[in-house]
Amino acid sequence: MISLIVYGIIVGCIIALGAIGLTMVYKIVGIANFAHGDFMTLGAYIALVMVSIVLPWVGIPDTRFGPLSFGWRMVIAFPVSMLFVAFIAIFFDKLLYKKLRKKKSNAVILAMSSLGVAFIIRMLILIIWGSDYVFYRPGLLRPALFLPLGIRIRPDEIFIVCTAIFLVVLLHLFLNRTKMGKAMRATSDNPDLALVTGIDTERIISWTWAIGGALTAAGGILYGIDVQLHPGMGWNFLIPIFAATILGSIGNIYGALIGGFVIGIAQEVSTAFLEPTYKLPVAFMIMIIILLVRPEGIFGKE
Amino acid sequence: MHIAGLSSYIVSLIIMAGIYAVLSLGLNIQWGYTGLFNIGIAGFFCIGAYTSAMITTPMPSGIYAKYVHQLFGLNLPFVFGLLGAAIAAGIIAFLIGIPTLRLRDDYLAIATLGIAETIRLIFNNEQWLANGPRGLMGLPQPLHSLVSERNYNYIYIIIVIVIMAIIYLAIEKAIRSPWGRVLRAIREDEGSASMSGKDVFNFKMQSFVFGCMVMGVGGALYAHYTRSITPTVFTPLYGTFIVWIMLMAGGSGNNKGAILGAFVIWGVWVGTKFMTDFLPPYLQSRAPYFRFLIIGIILEFILIYRPQGMIGEEKSVSKLME
C-alpha cells in the first residue's frame, strides 16, 4: 500500500505539472484547453527526436548519469522540448484563439477549437511517429532501489519528483518576484482592473500559454522517462488533469499541485481494489464527486 | 465498377450518413438549441448500440455460451431494441446531468468526455457484460427475410431514412413549441430565462436527456447495420468528434443543417479515402490519420470563418408569427 502511495506521488507530479498549466490557461486565457494532454505528448516526442536523432548528430555522447537511465542528451533535450511546446502553444493561440477572441466567440467555441487542436496535434504525431509504443532508451534494465518500509523506487523516479519540485519552485519565484509574474497574477485576479492599469493582456496571454505548454511538456517527458511514449498518452492524462484542476479550484496553481497529488495517489491506490484500466474512471469519479459537493474546488471561495 | 456495385456502394454511404445524421440531430437539440456542450456522444452512441444488440439477440446457448457472454439476451424484435437503446441512453444522460447541468458549460463538456471514456472502458473490460473487447456479433436485422442477403441494404436504407425523418419531425415539432422557445431562451441568456420563472436546470435536463435518447437510437441503427459491435468503434474520434464537425458544418440550431452537415462531412470523409490512395505505400498504414487531420483542419476553418455553418439558424419564433 505504501508503495502504491509512493507511485501515486510520482504520477501525481506529472498530473500536477499538467494541471498547473491548465489551471493558468483556464483562468487567464479563459479556455478549457482540451489540447493540453496532446501538448504533453508533443513534448515527450520532441524530446525523443532530440535524444535519438538531433543530439547524436550534433555529437553529444550517449552518457548516463550513474543509476539514471539518461545523460547529457536528455538534459539538453528537456529544456529544448519545453521551449518548443511553449512556442507551439503560442502559435496556436495566435493562429486560432486570438481570432476567436477578437470575434467575441463564447468560451465553448474556444474549447471546441482546442479540441480540434488536440486532434490535429495527435494526428500529426501519429503520422510522423506511428502508433507504436517507444522508449527513450530501449532495452535497458532499470533496477529499483529498495528502501525501508518495502518501498521500491527507481532512481529515475526520484529524479521525476525532484524535477517537478524544481519547476514548481521556479514558477513560484517567477510569479512572485518578476514583473511579468506579478502582472499575470493581477490579470488572473481581475482582468478588467489589470487592463486599466496598463497591463498588456495579449502579452500576458502569450506568457501563460508558454508556461502552460512548457510545464505540460515537462510532464510528458517525465512520463516518457518513467514509462514509455505513446501517441495517446497525453489524451489519457486529460481527465486526471482536469480533475486535479477542478479539485484545486480553477486558477489556483497550488491547488492544482495538491489536486495532482490527490488524483495521482487515488488512481494508484485504486489499483489495489480495481483493475488498473479503471484508473481513468477513478479520476473521473473524484471529479464528479467534487462537482456535486463543492464545485468551486477545495480552495475556492463560495 | 459496374452499376450494381456502384449503387450498393452509394446505398451504404447513405446509410452511414443517415446514422450520423441521427447523432447530429441529437447533438443539435443539446448544442444547437440549448447550448449544452456534450463531447461524450460516443458514450451514448455506445450505450444505444449495446442495449439494442442485447435486447434483440437471444442469450447465447450451447457451445456459444462458453465463448460469448452477455448480461442479457431478450430476443425481441428490432423496434424494442430501438426503444431500449433510447431509454438506456436517456437514463445514463439523466444520471450524468444531475451533477453537471447546474454548473458552467465547460464542466459538462469534461464530464461527458469522462463518461464516454468510462463507458467504453467498462464495455472493454467486463467480459460478463457484453463479451469484452471481442464485442457482440451476428446481430439480427429487421425484415431480413424479405430480400436476399445481397440486397438487404436497400431495405435498411429505407428504415434509416424513415427513422431519421421521424426524429427530424419530432424535433421540429418540439422546438417550435413553447418548450423549444424556453430552450433557446436558456441558450441566449440563462439569467433572464430563469428570471422569467423558468426552471433552467429542469429544461436543460429535458433537452440533454432527449438529445441523448436520439443518440441512443443512432447507436441502435448502427449496431444492426454493421451486425457486429466492439468497444473500439466508440472512440472520441469516430463517435464524437466527427459528429461535432457535421453539426458545425451544417449549421447548429438548424435541423436541416444537422442532416446536411452529416451527409456532406460523411462525403468528405469518404472522399479523403480516395485522396489517401495516392499516398506513397510506406505511408498507407497512416492514411486514417491524414484523413482525420483534414477533418480537424476543416473544423478550425468553420469555427473561425463560418461559425454559423452552411445554413445558419432560422429565426422563426412561432408558426403563428411571420
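Laboratory data are not the source of any read-out in this text; all were calculated from the coordinates shown. No experiment lies behind these values; they were computed from the predicted model shown. Neighbour counts are summed over all protein chains in view; Cβ atoms, including those assigned to glycine, are modelled from backbone coordinates with ideal geometry.
Points to keep in mind about this one:
- Charges were assigned to the Cβ only: +1 to each Lys and Arg, -1 to each Asp and Glu. The resulting dipole of chain A about its Cα centre is roughly 660 debye.
- Among the listed pairs A:Lys27/A:Lys102; A:Lys279/B:Lys204; A:Lys98/B:Lys273; A:Lys99/B:Lys198; A:Lys99/B:Lys204; A:Lys27/A:Lys99, a Cα-Cα separation exceeding 23 Å is found for A:Lys279/B:Lys204; A:Lys98/B:Lys273; A:Lys99/B:Lys198; A:Lys99/B:Lys204.
- Sites matching trypsin sites (Lys or Arg not before Pro) across segment B:1-109 that sit in DSSP coil, with at most 16 neighbouring C-beta atoms within 10 Å: B:Arg102, B:Arg104
- A quarter of the convex hull surface defined by the alpha-carbon atoms of the protein assembly as shown gives 32.5 nm² as the mean projection.
- Low-density loop positions, chymotrypsin sites (Phe, Trp or Tyr not before Pro), segment A:44-100 - DSSP coil, at most 16 other Cβ in 10 Å: A:Phe65
- Gyration tensor (Cα) of segment A:54-150, equivalent ellipsoid semi-axes in angstrom: 38, 18, 15
- Model label points for A:Ile53 and B:Glu126, set 7 angstrom from Cα along the Cα-to-Cβ axis, are 4.4 nm apart.
- Sorting A:Cys162, B:Cys212 from the fewest to the most surrounding beta carbons within 10 angstrom yields A:Cys162, B:Cys212.
- Segment B:199-322 shape via C-alpha gyration tensor axes, a/c threshold 1.5: oblate
- Think of it as helices only: each DSSP H run of n ≥ 4 in chain A is worth -39500 (n - 2.57), and spread over all residues that comes to -22500 deg cm²/dmol at 222 nm.
- Kyte-Doolittle at least 1.0, axis length at least 27 Å by Cα - qualifying DSSP helices, chain A: A:2-24, A:72-92, A:107-129, A:155-177
- Note on segment A:1-61: Rg/Rh from C-alpha atoms, Kirkwood Rh, equals 1.16.
- Hits among aspartates and glutamates - C-alpha to C-alpha of A:Lys94 under 20 Å, sequence gap 8 or more where chains match: A:Asp38, A:Asp200, A:Glu202, B:Glu300
- Taking the longest Cα principal axis of chain B as reference, the axis of helix B:255-276 is set at about 40 degrees.
- Once both labels are positioned 7 Å from their Cα atoms along Cα-to-Cβ, the gap between B:Asp277 and B:Leu143 label points is 3.2 nm.
- Whole-number percent relative contact order across chain B, with pairs defined as alpha carbons under 8 Å at least 6 apart: 31 percent
- Take the Cβ atoms of B:Ser12 and A:Ala272, set R0 to 35 Å, and the FRET efficiency comes out at 0.15.
- Gyration tensor verdict on segment B:64-177 (Cα atoms; rounded if a/c is under 1.5, prolate if a/b is larger than b/c, oblate otherwise): oblate
- For chain B, the longest principal axis of the Cα atoms and the long axis of helix B:41-56 meet at an angle of about 50 degrees.
- For segment A:13-73 and segment B:222-272, distance of Cα centres in Å: 34 Å
- Assuming charge only on the beta carbon of Lys and Arg (+1) and of Asp and Glu (-1), the dipole of the protein assembly as shown about its Cα centre is about 540 debye to the nearest 20.
- Radius, Kirkwood style, for chain A when every pair of distinct Cα atoms is counted (Å): 19.6 Å
- Between B:Lys173 and A:Arg177, the simple spin-label model (points 7 angstrom out along Cα→Cβ) gives 7.0 nm.
- With at most 16 neighbouring Cβ atoms within 10 Å, loop chymotrypsin sites (Phe, Trp or Tyr not before Pro) (DSSP) excluded, longest segment of chain B: B:73-277
- C-alpha center-to-center spacing [segment A:97-151, segment B:190-211] in angstrom: 36 Å
- Between segment A:247-302 and segment B:101-173, the alpha-carbon center distance in angstrom: 31 Å
- Crossing angle, helix B:200-226 versus chain B [Cα axis fit, 0-90 degrees, rounded to tens]: 20 degrees
- √(5λ) per eigenvalue of the Cα gyration tensor, segment B:3-236, largest first, Å: 33, 22, 14
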